[in-house]
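Report on one structure; see the data block that follows.
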Amino acid sequence: VAGYTPADCYADPDALLRLVHSDDRWLVARLRAAPEQARSPLMLRWVRRDGRVIWVENRFVPVRDEGGAIIALEGIVRDVTDRVQAYQTLERRVDERTHELGRRMRELEALYRADEEFYGSLELDRVLQALVDVAVDVLEADKATVMVWEEKRERLVVGAARGFRPETVSQMVHARGEGVTSIVATTGQPIKVEDAPSDPRVAHRITGPEAIQSLMHVPIKIGDEVFGVYGVNYCRRHLFTANEERLLPALAQRA
């Protein structure tokens, strides 16, 4: 199992201990210190002679002297690496599935929360504020904005914002052709930026002081016209998932 001969083991009383992976030697130390409390089977890792780490299952029974004292442990060791790895793979898949279910629940929560907020009022300001609140509270964005066209459709101004400093909000006016927001508003296509500091499309006069690292902007359309742009921002590097890319436009359209 371990790549050593019986002679190797007989020649060194601690040979089996040295086989045990360094992270699992405490199990053997506990076994030696209190063999009467040991429970079989014992699962631990061995390091084979060729350096490969394997999982072994040690099933044992105590051997006692005439007075009842434990003088040895007699056991059988089996290589159970394949079984352990199969279990670890299953466990990982369960974790991934649990994470996916949690993500879907948060997505549904965001949509339900948005529906309650949106349909609870026909006031424009409250609907736009609900959008940015959902982004920060449920989608865990650090900052969010809704930029809308002015009446002449020459500039985008703040319709609602959350997480930004007041002095930054006062500067959030984008002329046509300036920044990601303007590009989204004129093309009607969403844009994600995962490395904002190095992207030339980004309005760094806004993102720089706010320490924004990643952002995504999606259009809010009424019919075929873009009414405004919904933006979420992260102060840490954020890799947008396909689900987020689907959810943000869904929220924008609900609004």
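The values are calculated or read from the model by the stated rules, or taken from the named source; none is laboratory data. Here the structure is a predicted model, which means the values were calculated and not measured. Heads up, the Cβs are rebuilt from the backbone with ideal geometry, glycines too, and the neighbour counts pull from every protein chain shown. Keep in mind that these areas ignore ligands, DNA and RNA; they rest on the heavy atoms of the full protein, side chains included. Shrake-Rupley method; radii C 1.70, N 1.55, O 1.52, S 1.80 Å.
Quick notes on this one:
- Label point distance in nm, Ala11-Arg83, each placed 7 Å from Cα along Cα→Cβ: 3.2 nm
- Excluding ligands, DNA and RNA, the accessible surface per residue across the chain is 60 Å² with a 1.4 Å probe.
- Choice from Phe240, Phe164, Phe60 showing the highest fluctuation, given a GNM over the chain with Cα pairs closer than 10 Å: Phe60
- Rh by Kirkwood over Cα pairs, then Stokes-Einstein D for region 1-71 at 1.306 mPa s and 10 °C, µm²/s: 119 µm²/s
- Karplus-based coupling profile of region 191-202, in residue order and whole Hz: 9, 10, 10, 9, 10, 4, x, 9, 8, x, 6, 7, with θ = phi - 60° in 6.51 cos²θ - 1.76 cosθ + 1.60 and x standing for Gly or Pro.
- Shown here are the Rg and Dmax of the Cα trace of region 114-234, at 13.4, 40 Å.
- Relative packing of peptides 139-145, 83-89, 190-196 - highest average C-beta neighbours within 10 Å first: 139-145, 190-196, 83-89
- Taking only the C-alpha atoms of the chain, the Rg (one decimal) and the largest Cα-Cα distance, Dmax (whole number), read 30.9, 101 Å.
- For region 168-213, Kirkwood radius (reciprocal of mean inverse C-alpha pair distance, Å): 11.0 Å
- Leu90 paired with Ala34, simple spin-label distance in nm, labels 7 Å along Cα-to-beta-carbon: 3.1 nm
- Whichever aspartates and glutamates have a C-alpha closer than 12 Å to that of Lys192, once near sequence neighbours (fewer than 8 apart) are set aside: Glu244, Glu245
- Out of every Cα-Cα pair that region 47-153 contains, those further apart than 24 angstrom amount to 63 percent.
- Here the accessible area is traced with a 1.4 Å probe on the protein chains. For the chain, carbon and sulfur cover 52 percent of it.
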